[in-house]
Each structure stands twice: as structure tokens, then as C-alpha cells.
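Everything below concerns the one structure shown next.
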Amino acid sequence: MGLNGLFSKTWSLPTCLLVSSYLSVWIVSVPGGTAQERQLPMCKESDYRFEYTECDSLGSRWRVAVPHTPGICTGLPDPVKGTQCSFSCKAGEFLEMKTQSCVPCAAGTYSLGTGVRVDEWDVVPPGFVTLGSDLDANPSSSYSNCSQSAWTPKGEYIASNTDECTSTLSYAVNLKQAGFVSFEYLYPDNNILFEFYVQNDQCQATETQTRWMQTTEGDWDTHSVSLSRGNNVLYWRTTGFLISKTVAKPVLVRNVAITGVAYTSECFLCKPGTYSSKPGSALCAPCPINTYSNKGATVCQQCDSEKYADIGSGTCKERPACTASDYFYTHTPCDSSGQTQLMYKWIEPKVCSENADGAVKLPASGEKINCPPCNPGFFKNNASACEPCPYGSYSNGTECVPCPAGTEPMMAFEYKWWNSLPSNMKTSVFSREYSDSGRHTAWEVAGEYIYTTAGDSDTDYLMLILTVPGYREPQSVAKDSGNKELSRVTFVFETKCTADCTLYFMAGYNERANTMVEHWTGSKERQSYSYIVSSNYTVSFTWAFQRTEDYSTDRQYSSDFAKIFSIRITNVISGVASHCRRCALGSSELGSSCVPCPPGHYIENGSSTCQPCPPNTFLRPDQPVGKGACVPCGPNTYSNELQSTCFSDCRLTLAHKQVKVQYDFGPLSNTTSFQSGPRFTPKGLKYFHHFSISLCGNEGRKLASCVDNITDHRQELSAYACQSTLVPSDVRAQKTVVSSQPFSIADRLIGVTTDTELDNITSPEELFPGRGKSPDVIFYYRSVEVTKACKNGRATTIRLRCDPTESETNVLTLPSKCPEGTCDGCTFHFLWRSRHACPLCSENDYKEIVSACVKGIQKTTYVWQEPRLCTGGVTVPEQKVSVCVTLDFWLKFGVSTGTVAALLLVAVTCYFWKRTRRLEYKYSKLVMNSSAKDCELPAADSCAIMEGEDAEDDLIYLTKRSIFGKIKSFTSKRTSDGFDSVPLKSSSGINDVEIS
């Protein structure tokens, strides 16, 4: 392409260099030259070209002649004054340098006037530079050689790399006036980062928030950026991060247009497949279908009858023989007799030949069969056409029936019979090579199902797009911000494949900005799938079927298909009703009407009145009828004020070893984020799994959030726990961390307990060995999002473990057996070690130590039991000081007590001694009496003692003696001959006589 005089030399990357001044070289003939010069022929117009010198400070320049090959001729035209530097031509014109005036482009060419357009990519055009680099710059990386990862020209467009290297396409241009750059791009895969930015003379780049491109779906998009006067360098840069083994789809760029250059000195030829029939064209038009053109064409040529061409083709192709894959069958609308005709049609545009050898013929059409019933919510009119039932009624597809009193229609889109394509659906073909296609038939109705037809190639995406006007919950449902389910999409499908076919299901803001929700690879038996809509922004759903990933122009797998039997979307605005739902009754002048129950109230079956749910239960939003709609909260959770969900206030009481233990996880209630260990893609790119956790939320509100910041469509979701994928900023030299693929793993709190299983969710202890004496407290959660692998949705367990040694509050770990947090992809497990996970301290957690009594003072000190396995709660009591008695006092007291005890002992001894003496007296008397003669009685005393001898006993002690005298008497009473001396007292009482 003729780009002479338009561009300065390319700037090196990534440094911004000023473009050096253009030095025009011209040869001026000098009279009286050498003999060799005088022998050169005179220059003809074909030997040189005109160019302008650089503009001076006054905006002036000179036109000079520059030979194509210096030194082969002489007599070049003299320099002349050129046009002003601000001079430019209109679109469709070029500057004729000989006359320095604008001239219309000839037919078969085009011009942008003050700009250039690059639309041919057979090779990298002049001025463009492509470079592959590894910004990670890690010599040990197994994928550090990125020199070959550059943008690749593909004829109609240029394609980016698809690996984990950074590929840059740059273009330098000098503008004489402010202009803009525009280009078309296709960016279908968010596994590749795509940015476009501009640097000017001052090395100032475009704003960061506008440089990141947003993904496109199904069609090309156009991007424009204003350019300032002077030097500008344009950058298209891509970097892949392939976490899965799926091959990424490249970014494609085409039709780059730049305005603001000083002039264009020639017009550009129309590329093959396009033409311009009139002079002065700014663009070339594409050739119609079944026509072609060569480069610079003024008219398109018709293909032969046995050849065909797509729109904008440069050549015609031979028509292949028609096969059964080149036609499809469909049904006509029902006629007045309730019948439909089976019709066979060629897939348009028709590219096959019926006259070729082995070609099949189109089967005969016209067979009549009975029409299938209308879809639920519709009825047949007099013309046997299906019409929607009016609001307030429902139908099963036959006739409309008014909803009974106390009920309301459940508005939905429900398709189970496919006699014709619904008005809010459309089909299209999306080519893998992203070229324009004239085909629009991808899915066709077939009575009981809708199925995929053949594509131009097996790699085409066959799209079925359903548009929804919006959602509205039933009137009987109270407004509840905590209810995440706004609508539910359910469809039944089946696939049959002989290769690696894939069925994709996508949802988004519109058909061009949607995100893949789920996909199925290979043959799948008839099954159902449900998707929950949580935002009113989701108004477009797309089903895309691709027969194989391996590119081929042949159609080898045309018999592979996908079928959809039914689609149902609930709570749709302007929908129809297949049934009615019981609702509460409110009084009005005209009778009863449907009104919503207050939050936390269910509809009583018999009376249709609103009744409050019991405490600590939450109301099931999809079934508010009957007391069974009130679901009890899990252990240690409470219902919120609206009774729409259950939550934990991070305080609970549990029984451990028959003792009630209290916990307060308040210090752990703030949102916590942490990352898994580094992971690596198959080609060595480092990434992390990022988790965000809100342990208790805020009365049922989820505070943790994860984002997708790859494109301008910033997506953010809230949950108790969520996961996203992070590519660190230091890896790819980006200013911000790349976060992508967020999804929720915890939407609802099930319960809090020390048990290892709750509601069919298990938290195995072997995943986190090393538990101490204190039991682990486990939080159980569920996610409402159902996936292909997780039929019951995802689940999450957070195990809180008491660890008094942890000073940090956020110490979360993943199972060593499952470094990604999950072993089966559905249930995630986390261990949170913290001193705040210990029970609250009580009186049983400390002991008292009593000191010795010192100077009448005794101290009692309280200390924690070791190891201390509690936190917060009660505090250790202050030290107590009490008065005590010393050892000297007790010694004195003991001596005194001993003395008194000894005296008492002596007294008791004396008492018993006295008793013993009486017995001795009796014994002595018996001995004395035993010395008399046998058979003689003892002689009576002279005083005639009375009967009994007690008086005698008393006589012995009538004489008062001191204790010493008694002792002396006791010691001397026994004589040497062995007899005791017994004192006797005479009757006169004068003299005591001792008888021995």
C-alpha cells in the first residue's frame, strides 16, 4: 500500500522516542558539471516522485523531486513553494503533487482524505511492528521464550497470541492536526487480557480505565480514540492466562483507520472481494453473495452456476454435492383445521449442488400432521393460532381459565411445544474464524423440540438467543432485599455427538455482552438444568452449540446435534400463566383482591389469611402457603427481622463435657480475605485462588465480595464466602491485580455446631488434624447456584479452632489434601485458627493460691489454669488480703491447752485412784477373814457394824490428810513381810491404830 510520506520511523518499545525529522533528499542539476553528469539522460516523470519538506516554524514547506533511484538521470524539477502544512483533501480525494491540488480517486480505488485505512493483513503492513515478550522475566520459567508469540496476519484481520506471553502490536504516526483512530475488534475470550492505549510526544498514555477492552460476543465491535496533533504511537497488547486446559480464542483486529495526517498522495486500491464503481469513493463496497472481484475492481463478477461465493469473496468455490446435512425440516403455522405441514428446506445460503454426482434431492414437502398443543398460558383462536391468555387467567395450552378467588397467576415464559419460533427468540451462526456469514438459520423448530441445523463448518457456533423484558416477583411475595432469587431459568436438553461437541449456556445484559454460565461436552442424555437470576439486568440467554474445536472447512460431523425440549423462566414481565398461586386476601369495595402478606407471614390454607411464622424460622419465598413454608433455623442461628433468612450474631452457647461454654466470635466477624498458595497454569503462569469470607454477615446480609475487573463490565457479587482467580500485578507488570471468574460458595448460613455433619454437609476432622482439648466450632453454609458438577449447589464449612498462641485474627488455611479448598469441587473447607475462637473465660478457668501468714496478714492470688484455653469473659479477681494468726500465738495456745489437759488428766487419775483404794480395802478385808478357822464365822466388831460395809470404807478416810501425807501413807502401807498395813480407827476416835 502506498503510505509514502505518512509515517515517521517506528518507535522502539516500550520506550517513547521522538520521531526524527524527515530529511528529504533531492538532486539538483548543476550547470558545468562533470562529463559523466552531462552524459546522463534527462529525468522523466516516472523516474522521480514529489515529496514535501518538513514544515518550518511559519507552517511553510517546499515541494521537491526525489528520484526513485539516485544517479540514473539528471534534470530534476526545481523545488517550488508547497501548500500550507494545514492543507488537506476531502475523503475520496488525494493530493496530486504535480499540481498540488486535490483530485478525486479513480474508480476501483478509495481514499480517506486526511487519513489512512489498513484493511489488508496478508502480511504485517508497513509501519506496524509486532513483538512478543515475557514481562515476567523469570529465567527459570519453562515458558520464558516468547519471541515467537506475536500478532499473526490472517488476510482479513490480524490475530493475537493465545499463550501466556505478552504480544504487542504497535504503530507510529505523525499527525498534522488532531484526529482519531478507529478499528474493529473481536474479543470473545476473557482468558486473554486485551488493552489498547496511545502514547504521545510527552509519553502520556491514555487513561487506565479506558484502555482495557471489553469482551464481545457473536459480532465485531468498533473502538475509537481521539489523537492529538504530533507524534502518536498506538499499542494493541494482549496477555493470556490459561488456568484450564481449554485453548483460548485469539483477539482479532481489522479495518484500522487513522485521520489527521497532512495528506495522502495516492489512492488505495480496493482489496479483493470489494469494489468502487464511481470516482471519489471513500470506501469500497463488498461484493454480493455468489459474486467475486479482484484487487482494484470497479465491478463484481458473477460466479458460474456450479460455483458459489460468500459476501465479500475474492474467488468462487466449487459447489459440493448436496447431502442430508444441507437441508432441514420445519413446520408451517397451524391452519384453520388445526393441521400443519412438514416442510423441507435447503440451508440458506445454499452452497451445495443437486446435480453433482452422489447428490441427494430435497425430500418432498407438504405432508400434513396435527398441530401440537399451544404452549402453557396460550389458547387457540378461531384461526387455530396460539394467543396468550389475558392477565388473571391461566391455561395448559387449550383454553384460558380465570384464576379462582384468592389466587394470582404465576407469570412466566414456558415453551414445551415448538411449532414456530417464539417472537422473543432468534437464531444465528457465529463462525469460529469470525468472518461474516450470510447464514441465519442455526436452530429449527420440530414440534416437540428445537434442534441445531448444519453450519458452514463444524467449528461454527450455532446460537439460540432468548430475550426477556424483565422480572417481577408475584404480588403475594413481600419485598425482601435478602431474597437472592428473582427468577429461575429451567430447560431440558439433549446432545448427541461423535466428536468433541460442546453446548454452552450463557447469560448477560444482552446478546453481545454475556458470560458463560455452564457448558456440557460430548453426548448427554436428556436432562434438566436450572439457573437462578438474581439481578434485573440479566435479560438475555444464549445457547450455543459447537460440533468440534478442531478447525476444518469440511463438514464431517453434521449429524451431531443438540435438542432443547422445554424452557421455563419464572416471574417474567409480560409473561403468561400456566397455573395460579394462592395468595392472601384483602378487603375492598368490589370484593377480595390479592395482597402480599407482611414479611415473615405465610398464607393459611383454609382461610387464605396471613399468619406469622413461629420464632426462629424463615419463610420459603417460592412456597409461602401453609405452615410448612416456615423453615426452622439451624442450630445456634436466628431469623432476621423479616424472617427471610437465618443468621448468627457470632455469639453462641454450646455444651462441652456437660458444661455450658460460651463463645464470642465478634473480633472475627469483619470481612476477611486470603489467598491460596501459588498455582501454575500448564505453561507456567502463576495465579492464586482468592477467597473472601464474612463469617456472620450482618443479620443475614452477605458482606464478602469478589470482583471481575478484566473488562469494563466490572462484575461484583456478594456472599458469605466467594472465590475468584487472581493474577498478581508483578507477574505481568500491570498497575492493578487482575481478578476474574468470581463465584459464590456460601449464600445461606445453615447452622453453627461442633458436630462434623449438618444438613448432609460433612466437615471431616482428618482434613485438619491437630485439634486441642477445646472442640472446633463449625459454621455450615450453602450456595443456591447449581452447576453441572454440583447438583445440589456448592457448600462451605469454616472450622474455628482455639489457638491461644495466635496473635493475628486472620489465620485461615486450606486442607493439605485439597490445596484449592475443595476435594470434590462442590464442598469447600477452611480452618480458622485464632485466640478469639476460644470459649469465653469462666470461674472454672482460674484457680486461687493462698500464701503463708506473715505478721498477721495472709494473701490470696488468682491465676489462670494452664494452658489457658479461653478468651474474654470473666476476668481474674483481684488479690485478696486477710488477717491471720501467727505461729507464736498458736504455740502459746497449744502450751496452755496442754497444761489444762494435764491437770484434768491428774484429776481424773486421782479420782480413779480413790476408787481403786476402795477395792483394795475390800480385798484386804477378805484376806484377813480368810485366816480364821475353817467353818468359823468372823468375829463381830465391838461397835456392831450395820449391814453392809460402806460405812467402814468411809471410816478409813475420815481423818483429813494432805495430799503429801496420803502419798506417804500409800508408800508405807506395805510392810517388808508382804502385808499391807491397814489403818484402823477406834470407836473412841482418839487414837489411830495401824494393824499390820
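Just give me the residues in region 55-77 being surrounded by 11 or more Cβ atoms within 10 Å (Cβ to Cβ) and farther than 21 Å from residue 263 by Cα, in sequence order. It would help to see each step written out before you state the result.
In the first step, residues of region 55-77 are kept if they are surrounded by 11 or more Cβ atoms within 10 Å (Cβ to Cβ); the result is 55, 59-68, 70, 72-77.
Selection gives 70, 72, 73, 74, 75, 76, 77.
Since residue 722 meets every condition but one in (1) within 26 Å of residue 661 (Cβ to Cβ); (2) out of contact with any helix residue (DSSP H, G or I) (no Cβ under 6 Å at 6 or more places or on another chain); (3) open to solvent by less than 60 Å² (accessible area, probe 1.4 Å), which condition does it not meet?
If we test residue 722 against (1) within 26 Å of residue 661 (Cβ to Cβ); (2) out of contact with any helix residue (DSSP H, G or I) (no Cβ under 6 Å at 6 or more places or on another chain); (3) open to solvent by less than 60 Å² (accessible area, probe 1.4 Å), just (1) comes out false.
What are the residues in region 136-165 that are modelled with pLDDT under 85 and buried (at least 16 other Cβ atoms within 10 Å of the Cβ), if any? It would help to see each step written out before you state the result.
Residues of region 136-165 modelled with pLDDT under 85: 136-149, 155-156, 162-165.
Selection gives 136, 141, 143, 146, 149, 156, 162, 163, 164, 165.
Would you point out which residue out of 609, 637, 645 is polar (S, T, N, Q) and without any contact (Cβ under 8 Å) to a residue 60 or more places away in the chain? Working first, answer last.
Details: 637 fails: without any contact (Cβ under 8 Å) to a residue 60 or more places away in the chain; 645 fails: without any contact (Cβ under 8 Å) to a residue 60 or more places away in the chain.
One residue alone meets the criteria, 609.
Select, from 371, 352, the only residue that is surrounded by 15 or more Cβ atoms within 10 Å (Cβ to Cβ) and over 30 Å from residue 394 (Cα atoms). Reasoning before the result, please.
Numbers: 371 fails: over 30 Å from residue 394 (Cα atoms).
Only one candidate passes the filter, namely 352.
Every residue in region 779-831 that is surrounded by 16 or more Cβ atoms within 10 Å (Cβ to Cβ), closer than 19 Å to residue 679 by Cβ and small (Gly, Ala, Ser), please.
821, the sole residue that qualifies.
Search region 409-431 for residues being outside any loop (DSSP other than H, G, I, E, B), over 19 Å from residue 379 (Cβ atoms) and not hydrophobic (A, V, I, L, M, F, W, C), and hand back the single one that is most open to solvent (accessible area, probe 1.4 Å). Talk me through it step by step, then tell me what you get.
Start the filter on region 409-431 by keeping residues that are outside any loop (DSSP other than H, G, I, E, B), which leaves 409-415, 418, 425-430.
Restricting the remaining residues to those that are over 19 Å from residue 379 (Cβ atoms) gives 425-430.
The next check asks that each one be not hydrophobic (A, V, I, L, M, F, W, C); those that pass are 426-428.
Working: 426: 95, 427: 25, 428: 37 Å².
Among them, the one singled out is 426.
The conditions are (1) open to solvent by 40 Å² or more (accessible area, probe 1.4 Å); (2) in a loop (DSSP other than H, G, I, E, B); (3) not assigned by the TED database to the domain that holds residue 832, and residue 643 fails exactly one of them. Which is it?
All conditions are met except number (1).
Within region 97-123, which residues are touching a residue at least 24 places away in the same chain (Cβ under 8 Å) and open to solvent by 50 Å² or more (accessible area, probe 1.4 Å)?
First, pick out the residues of region 97-123 that are touching a residue at least 24 places away in the same chain (Cβ under 8 Å): 97-98, 100, 104-123.
Answer for region 97-123, where residues must be touching a residue at least 24 places away in the same chain (Cβ under 8 Å) and open to solvent by 50 Å² or more (accessible area, probe 1.4 Å): 98, 104, 106, 122, 123.
Being touching a Gly at 6+ places or on another chain (Cβ under 9 Å) and surrounded by fewer than 18 Cβ atoms within 10 Å (Cβ to Cβ) is the filter; apply it to region 80-96 and report the residue that is farthest from residue 278 (Cα to Cα).
Pass one, region 80-96, residues touching a Gly at 6+ places or on another chain (Cβ under 9 Å): 84-86, 88-94.
Subsequent filtering for residues that are surrounded by fewer than 18 Cβ atoms within 10 Å (Cβ to Cβ) retains 84, 86, 90-91.
Details: 84: 30, 86: 28, 90: 16, 91: 13 Å.
That would be 84.
Among (1) among the basic types (Lys, Arg); (2) surrounded by fewer than 19 Cβ atoms within 10 Å (Cβ to Cβ); (3) in contact with a Ser or Thr (Cβ under 6 Å, 6 or more places away or on another chain), which single condition is residue 295 missing?
Here residue 295 clears every test but (3).
Just a yes or no: is a residue in region 653-660 assigned by the TED database to the domain that holds residue 807, in contact with a Leu (Cβ under 9 Å, 6 or more places away or on another chain) and assigned to a strand (DSSP E or B)?
Among the residues of region 653-660, at least one is assigned by the TED database to the domain that holds residue 807, in contact with a Leu (Cβ under 9 Å, 6 or more places away or on another chain) and assigned to a strand (DSSP E or B), which makes the answer yes.
Give the residues of region 178-194 that are modelled with pLDDT of 80 or more and either open to solvent by 30 Å² or more (accessible area, probe 1.4 Å) or not in a loop (DSSP other than H, G, I, E, B) (or both), sorted by residue number. Before the answer, list the steps.
Restricting attention to region 178-194, the residues satisfying the condition of being modelled with pLDDT of 80 or more are 178-187, 192-194.
Passing the criteria: 178, 179, 180, 181, 182, 183, 184, 185, 186, 192, 193, 194.
Table: residues versus (1) over 30 Å from residue 151 (Cα atoms); (2) of a type in the set (D, E, K, R); (3) modelled with pLDDT under 85; (4) under 60 Å from the mean Cα position of the chain (by Cα).
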residue: 42; (1), (2), (3), (4): yes, no, no, no
residue: 58; (1), (2), (3), (4): yes, no, yes, no
residue: 66; (1), (2), (3), (4): yes, no, no, no
residue: 80; (1), (2), (3), (4): yes, no, no, no
residue: 84; (1), (2), (3), (4): yes, no, yes, yes
residue: 94; (1), (2), (3), (4): yes, no, no, yes
residue: 105; (1), (2), (3), (4): yes, no, no, yes
residue: 119; (1), (2), (3), (4): no, yes, yes, yes
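Which of the residues spanning region 215-229 are modelled with pLDDT of 80 or more, open to solvent by 40 Å² or more (accessible area, probe 1.4 Å) and either aliphatic (A, V, I, L, M) or assigned to a loop (DSSP other than H, G, I, E, B) (or both)?
Answer for region 215-229, where residues must be modelled with pLDDT of 80 or more, open to solvent by 40 Å² or more (accessible area, probe 1.4 Å) and either aliphatic (A, V, I, L, M) or assigned to a loop (DSSP other than H, G, I, E, B) (or both): 228, 229.
Which residue is surrounded by the fewest Cβ atoms within 10 Å (Cβ to Cβ), if the candidates are limited to region 620-640 and must be polar (S, T, N, Q) and more than 24 Å from residue 870 (Cβ to Cβ)? Outline the logic, then answer.
Of all residues in region 620-640, those polar (S, T, N, Q) come to 623, 636-637, 639-640.
Going one step further and asking which of them are more than 24 Å from residue 870 (Cβ to Cβ), we end up with 623, 639-640.
On the way: 623: 14, 639: 24, 640: 20.
Among residues in region 620-640 that are polar (S, T, N, Q) and more than 24 Å from residue 870 (Cβ to Cβ), the one surrounded by the fewest Cβ atoms within 10 Å (Cβ to Cβ) is 623.
So if I check each of 320, 376, 363, which one is more than 30 Å from residue 279 (Cβ to Cβ), open to solvent by less than 50 Å² (accessible area, probe 1.4 Å) and in contact with a Ser or Thr (Cβ under 8 Å, 6 or more places away or on another chain)?
Numbers: 320 fails: open to solvent by less than 50 Å² (accessible area, probe 1.4 Å); 363 fails: in contact with a Ser or Thr (Cβ under 8 Å, 6 or more places away or on another chain).
So the residue among 320, 376, 363 that is more than 30 Å from residue 279 (Cβ to Cβ), open to solvent by less than 50 Å² (accessible area, probe 1.4 Å) and in contact with a Ser or Thr (Cβ under 8 Å, 6 or more places away or on another chain) is 376.
Given the criterion over 48 Å from the mean Cα position of the chain (by Cα) and surrounded by 13 or more Cβ atoms within 10 Å (Cβ to Cβ), identify the matching residue among 851, 834, 842, 882.
Values: 834 fails: over 48 Å from the mean Cα position of the chain (by Cα); 842 fails: over 48 Å from the mean Cα position of the chain (by Cα); 882 fails: surrounded by 13 or more Cβ atoms within 10 Å (Cβ to Cβ).
Exactly one of 851, 834, 842, 882 is over 48 Å from the mean Cα position of the chain (by Cα) and surrounded by 13 or more Cβ atoms within 10 Å (Cβ to Cβ), namely 851.
Output the qualifying pairs, or none if there are none: Cβ atoms under 7 angstrom, residues six or more apart or on different chains, first residue in region 154-171 and free of Cβ contacts under 8 Å to residues at least 40 places away in the same chain, second residue of a type in the set (Asp, Glu).
From residues that are free of Cβ contacts under 8 Å to residues at least 40 places away in the same chain, the pairs are 155/122.
Answer yes if at least one residue in region 758-776 is surrounded by fewer than 19 Cβ atoms within 10 Å (Cβ to Cβ), in contact with an Asp or Glu (Cβ under 7 Å, 6 or more places away or on another chain), among the small types (Gly, Ala, Ser) and part of a loop (DSSP other than H, G, I, E, B), and no otherwise.
No, there is no match, as no residue in region 758-776 is surrounded by fewer than 19 Cβ atoms within 10 Å (Cβ to Cβ), in contact with an Asp or Glu (Cβ under 7 Å, 6 or more places away or on another chain), among the small types (Gly, Ala, Ser) and part of a loop (DSSP other than H, G, I, E, B).
Looking at region 739-757, is at least one residue surrounded by 21 or more Cβ atoms within 10 Å (Cβ to Cβ) and modelled with pLDDT under 85?
Taking every residue of region 739-757 in turn, at least one turns out to be surrounded by 21 or more Cβ atoms within 10 Å (Cβ to Cβ) and modelled with pLDDT under 85.
Enumerate the pairs (first residue in region 496-516 and β-branched (Val, Ile, Thr); second residue anywhere and open to solvent by 60 Å² or more (accessible area, probe 1.4 Å) and at pLDDT 85 or above) with beta-carbon separation below 8 Å, excluding pairs fewer than 6 apart on the same chain, so at least 6 apart or on different chains.
From residues that are β-branched (Val, Ile, Thr), the pairs are 502/519; 502/521.
The values are calculated or read from the model by the stated rules, or taken from the named source; none is laboratory data. These numbers come from a predicted model, not from an experiment. Glycine gets a Cβ as well: all are built from the backbone with ideal geometry, and neighbour counts include every protein chain shown. Areas reflect the complete protein model, heavy atoms only, side chains present, ligands, DNA and RNA absent. Shrake-Rupley method; radii C 1.70, N 1.55, O 1.52, S 1.80 Å.
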